[in-house]
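Read the structure below first, then the notes.
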Amino acid sequence: MYHAIVFFPLIGALIAGLFGRYIGARMSELVTTGCLAFAALLSWGAFFLVTGDGRAETVPVAQWFSAGDLVVDWAFKVDTLTAVMLVVVTSVSTLVHLYSIGYMHEDPHRPRFFAYLSLFTFAMLMLVTADNLVQMFFGWEGVGLASYLLIGFWYEKPSANAAAMKAFIVNRVGDFGFSLGIFLVFVLTGSVGFDAIFAKAPELKDATFHFLGHDWHALTLACLLLFMGAMGKSAQFLLHTWLPDAMEGPTPVSALIHAATMVTAGVFMVARLSPLFELAPTALTVVTVIGGITAFFAATVGLVQNDIKRVIAYSTCSQLGYMFVGLGVGAYATGVFHLFTHAFFKALLFLGAGSVIHAMHHEQDMRNMGGLRRYIPFTTAMMTIGTIALIGFPFTSGYYSKDAIIEAAYMSDRPGHVLAFLATVIAALMTSFYSWRLFFLTFEGPQRWVTHGAHGHDDHAAHDHAHAASAHQADGAPGHHEGVAHDDKGHDIEPASHSAIEHHDDHAHTPHESPLVMTIPLAILAFGALFAGLIFKERFIGHDMDKFWGNALPHGSGNDIMHKIHDAPGWVAASPFVMLVLGFLLAFWMYLRRPDLPHRLAESQPILYRFLLNKWYFDEIYDRIFVRPAKNFGLFLWKEGDGRIIDGLGPNGISARVVDITRGVVRLQTGYVYHYAFVMLVGVAGLITWYLVSGVPGGTH
């Protein structure tokens, strides 16, 4: 069964990728979607089978390689944590495949797209079923490669190519730390298999390791290096810059990468290696602090974004921070539970945004929307469900998981828990505000798309202009904001359709509801967004938690916190609800009752507005510190090192002089006998002259 779950997506990817041009786009869609649906059904069966008694098993596949004492097997580690991830990955991927049949129906390269989707899913399944660090790293890098292909799927667009490269390069930074962590764990334990590592870990509780001239607590250093990989893959603070740019990919890609799969890989990795992190409390403090800062930072940026997909992307970044806070304070079950519930409502929001973009014929700027509730009522209802689940409205899925993390942060006694608690509560307020801001700008208020449509926003010229602006902004020097439009007051604003102009159309039109193949996945995800928390809360974080998790997550301090949650003060438990109400009222007042207020506020606080709109200027800072020096250094090596030195001494230097000499010598080879006779005579005359001048041996003195 587990072999089929993992390998069926790979089979679909190979069929669509290698034979798509022969079997056609429709058959490629059906094959890949069918393979994923079958894997999802088996995953749910495995979920109930494994979680029924919390049992764990190892399913061998093959011996991968051996080098001396190092033997790496290819095997599936099956426990509750694996079963949860299998359900999340295959279910969301199946719905994204189904949704893409409708969303991508005009794209001529659908076989390639569906092959990439299935390849991505296979890599993620390899990651979550890994029995050892090497197999996990294989899936880790496979996910990175597939995300590069998906983000840059429309490779004709310079902005998509730039976003794909940015995601790939930023993730390599984190992966460098991840690989060093794997090497260190192997040095310390002599193994890469999880069971052997966890058995050896208690013996290393007080071990040190000499690194960069200092003696470090060995497990703390290893966990910090491993967490560096998680920061890149899960877009945590400092390594988050690739995530918003990844919106350049098609909307289904955004749902797949940013809802349940790639960005949660870091959360899964920390949860899987939690027995190591439990022995490195300093590393857990770093996890907690970084998670809290990320939750706060991403929420602040989401307040002012105008692209509908970018708002949801920063929401993802913020929610990932919540997950790491849960892991960092030792309440591992809450972090994984939020991963589980978040997959449903965030995939719903992304696919719902795709439905809005489809209805608006690929307009993504919320300022060009409004009043859509009357035209796309089903999508509006689905987005409403996704919004209330995201903000943690009582009895929705987000309510149970997010509130548990906030309460765990308050009740924890680990360093950094106060910062994490304050950051998550304030982020809850901002999450509610920007979520309702998105909803009101998109579905309520005046129909701004009518005005903009009259000005030709749907013709090719407008698309090309926005496309050029987006590309110019991606390639232009940060700080100058080329390609960034300005409002009538001169403030920088995101250009309309900033992330991507996904398709072209020649005519203005009336917004329309999406086809059934796109709305069915929305309905299924909406059910999960509403009821997943209620159905599974007792298993994940309630009375049945011990039986449900078994040995998949550590017992001890984490469990103590899980019990302490029930003793949290009433004001702590009520604080997320108070924040969501305040956020709703503020957004309602600013965008429905006083729609002039946001503009006036931005005008009165231009520095703060630009600071948030430009994402705390991280892209500009990194460009100045890393990108430009790297480009200048590369240019120096090209012009001076390669051109002046290597080419100057090589092809343009010594070798060129040899060529010149041989070219002169070759001129003597004329082919005329009298030329050769003349040279011979000159030679004879020279020989005689030398003989006479030097003297004849034995001659007259």
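Brief remarks on what is shown
- For H463, the conditions (1) crowded, with 19+ Cβ neighbours inside 10 Å; (2) modelled with pLDDT under 50; (3) in a loop (DSSP other than H, G, I, E, B) all hold with the exception of (3).
- All positions within the range 583-611 that are touching a helix residue (DSSP H, G or I) at 6+ places or on another chain (Cβ under 6 Å) and either within 18 Å of T300 (Cα to Cα) or free of Cβ contacts under 8 Å to residues at least 12 places away in the same chain (or both): G583, F584, L586, A587, M590, Y591, L597, P598, A602, Y609
- Taken across the range 618-635, residues that are part of a helix (DSSP H, G or I) and closer than 30 Å to F440 by Cβ do occur, with at least one present.
- Taken over the range 385-411, the residue count meeting the criterion of being polar (S, T, N, Q) and on the phi > 0 side of the Ramachandran plot is 0.
- Only helices (runs of 4 or more DSSP H) whose full extent lies in the range 142-250 are considered here, and the ones with at least 2 residues that are in contact with a Leu (Cβ under 6 Å, 6 or more places away or on another chain) and either modelled with pLDDT of 90 or more or of a type in the set (K, R) (or both) are 158-189, 218-233.
- Residues of the range 28-73 satisfying the condition of being among the polar types (S, T, N, Q), in a helix (DSSP H, G or I) and free of Cβ contacts under 8 Å to residues at least 60 places away in the same chain: S43
- From the options D619, D642, residue that is over 30 Å from H240 (Cβ atoms) and surrounded by 13 or more Cβ atoms within 10 Å (Cβ to Cβ): D642
- Scanning the range 1-15 for residues that are aliphatic (A, V, I, L, M) and under 24 Å from the mean Cα position of the chain (by Cα) returns I5, V6, L10, A13, L14.
- The condition of being modelled with pLDDT of 85 or more, open to solvent by 60 Å² or more (accessible area, probe 1.4 Å), farther than 18 Å from G583 by Cβ and in a helix (DSSP H, G or I) does not hold for V450.
Yes/no matrix, rows are residues, columns are (1) in a loop (DSSP other than H, G, I, E, B); (2) over 21 Å from L284 (Cα atoms); (3) acidic (D, E); (4) open to solvent by 10 Å² or more (accessible area, probe 1.4 Å):
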site: Q305; (1), (2), (3), (4): yes, yes, no, no
site: V311; (1), (2), (3), (4): no, yes, no, no
site: G321; (1), (2), (3), (4): no, no, no, no
site: G330; (1), (2), (3), (4): yes, no, no, no
site: A333; (1), (2), (3), (4): no, no, no, no
site: L339; (1), (2), (3), (4): no, no, no, no
site: H342; (1), (2), (3), (4): no, yes, no, no
site: A347; (1), (2), (3), (4): no, yes, no, no
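- Scanning the range 377-414 for residues that are outside any helix (DSSP H, G or I) and either open to solvent by less than 10 Å² (accessible area, probe 1.4 Å) or under 12 Å from F577 (Cβ atoms) (or both) turns up I391, G392, F393, P394, F395, T396, S412.
- The residues listed here are T82, T121; of these, the one that is buried (at least 19 other Cβ atoms within 10 Å of the Cβ), within 23 Å of A201 (Cα to Cα), in contact with a helix residue (DSSP H, G or I) (Cβ under 7 Å, 6 or more places away or on another chain) and not small (G, A, S) is T82.
- Residue list for the range 546-599, filter: assigned to a loop (DSSP other than H, G, I, E, B) and either more than 24 Å from A333 (Cβ to Cβ) or not polar (S, T, N, Q) (or both): G550, A552, L553, P554, H555, G556, A568, P569, R594, P595, D596
- Against the conditions (1) over 19 Å from A255 (Cα atoms); (2) open to solvent by 50 Å² or more (accessible area, probe 1.4 Å); (3) not polar (S, T, N, Q), G177 satisfies every one except (2).
- Condition met for V50 (over 16 Å from F340 (Cα atoms), in contact with a strand residue (DSSP E or B) (Cβ under 9 Å, 6 or more places away or on another chain), open to solvent by 60 Å² or more (accessible area, probe 1.4 Å) and of a type in the set (V, I, T)): no
- Qualifying residues in the range 565-580 (those that are over 34 Å from the mean Cα position of the chain (by Cα) and within 21 Å of F540 (Cα to Cα)) - the one most open to solvent (accessible area, probe 1.4 Å): H566
- Residue in the range 651-684 that is least open to solvent (accessible area, probe 1.4 Å), counting only those that are closer than 30 Å to G641 by Cα and hydrophobic (A, V, I, L, M, F, W, C): A656
- Answer residue from the range 131-151, given it is within 22 Å of A75 (Cβ to Cβ) and among the β-branched types (V, I, T) and is surrounded by the fewest Cβ atoms within 10 Å (Cβ to Cβ) among those: V134
The values are calculated or read from the model by the stated rules, or taken from the named source; none is laboratory data. Quick caveat, the model's predicted, so the values are computed rather than measured. Glycine also receives a Cβ, built like all others from the backbone with ideal geometry; neighbour counts cover every protein chain displayed. Note: areas computed on protein heavy atoms with side chains; ligands, DNA, RNA excluded. Shrake-Rupley method; radii C 1.70, N 1.55, O 1.52, S 1.80 Å.
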